[in-house]
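Every read-out reported here was derived from the displayed coordinates using simple, explicitly stated rules and does not represent laboratory data. Just so it is clear, the model here is predicted, and its values are computed rather than measured. Every residue, glycine among them, receives a Cβ derived from its backbone with ideal geometry; neighbour counts consider all protein chains shown.
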Amino acid sequence: MLGALISLVVYLIIAGLIYWAVTSIIAVIPLPEPIRTVINVVMIVILVLIVIYALLGLIGAVAPMGGIHLGRL
């Protein structure tokens, strides 16, 4: 259970960093306001789906996302 919580925290940190990077890059690129809004909404929807999937993996409803294997702590 502790490993799953650590994995969840790692997923949240990575998702936050990706969101921060994309919003920082979008702020530099001159885009019309509607396109920026659409990109922000799409990013939020994708990040919410990732968090929901990670939480479902934490309770055992779906198979956990691969990539990070911490073993037994």
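Observations
- Estimated inter-spin distance, residue 12 and residue 38, nm [label 7 Å along Cα→Cβ]: 3.2
- Ordering of 26-33, 9-16 by packing [mean C-beta count within 10 Å, highest first]: 9-16, 26-33
- Förster radius 22 Å - calculated FRET efficiency between residue 58 and residue 26, Cβ distance, rounded to 0.05: 0.10
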